[in-house]
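S.K.: I'd like to ask you about the structure that follows.
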Amino acid sequence: MEESPRQRKIATALQKELAAMLQEEIRNQGVSSLILSITKVDVTFDLSLAKVYLSIFPKDKAENYLKGIQENHSQIKHGISQRMKNQLRRIPKFSFYIDDSLDYIDAVSDT
């Protein structure tokens, strides 16, 4: 099923705000060796759930950081609701995943 224009618009706004918030948090913790980017956000049709795909470098720390993000998802949701209170009435529930599509592309190109 194809995304509606509203879903795409909300996904893009969430991606932008989440990236800014998470990168700000990393800087505040003084971690300079970590690069985190949000590669994609998929929002369900009813806007109740957002799947957030993360790319984290270095890869050996990715699982650790993903676990920390998942454990703090309620604080992240609260932070996003503060940032987007004028844009969205209800903030979707977030689920976070590691985006391994780049690893897949590397594996395919190496063969």
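S.K.: Where in the stretch 1-87 are there helices (runs of 4 or more DSSP H), lying wholly inside it, with at least 3 residues that are among the aliphatic types (A, V, I, L, M)? Outline the logic, then answer.
M.R.: Numbers: elements: 5-28, 62-71, 73-83.
The qualifying helices (runs of 4 or more DSSP H) are 5-28, 62-71.
S.K.: Tally up the residues in the stretch 7-34 that are among the acidic types (Asp, Glu) and open to solvent by less than 30 Å² (accessible area, probe 1.4 Å), please.
M.R.: Filtering the stretch 7-34 down to residues among the acidic types (Asp, Glu) leaves 17, 24-25.
This time we only want the ones that are open to solvent by less than 30 Å² (accessible area, probe 1.4 Å), so: none.
Looking only at that region, the number is 0.
S.K.: Still on this structure, please answer the following. Residues Ser37, Ser4: which one is of a type in the set (Gly, Ala, Ser), at pLDDT below 95, surrounded by fewer than 15 Cβ atoms within 10 Å (Cβ to Cβ) and closer than 17 Å to Ala62 by Cα?
M.R.: On the way: Ser4 fails: closer than 17 Å to Ala62 by Cα.
Residue meeting the stated conditions: Ser37.
S.K.: Hey, Ser32 hits all of (1) closer than 21 Å to Glu2 by Cα; (2) modelled with pLDDT under 95 but one; which does it fall short on?
M.R.: The number of the failed condition is (1).
S.K.: Scanning for something open to solvent by 20 Å² or more (accessible area, probe 1.4 Å), of a type in the set (Asp, Glu) and touching a residue at least 24 places away in the same chain (Cβ under 8 Å), does the stretch 64-82 turn up at least one residue?
M.R.: no
S.K.: Another question, then. Tell me, which residue of the stretch 21-43 that is within 16 Å of His78 (Cα to Cα) and in contact (Cβ under 8 Å) with a residue 24 or more places away in the chain is nearest to the chain's Cα centre (by Cα)?
M.R.: Taking the candidates together, the pick is Leu22.
The values are calculated or read from the model by the stated rules, or taken from the named source; none is laboratory data. Note that the coordinates shown come from a computational prediction; the quantities given were computed from them, not determined experimentally. Because the Cβ atoms are built from the backbone with ideal geometry, glycine has one as well, and the counts that use them run over all protein chains shown. With ligands, DNA and RNA removed, areas are computed over all heavy atoms of the protein, side chains included. Shrake-Rupley method; radii C 1.70, N 1.55, O 1.52, S 1.80 Å.
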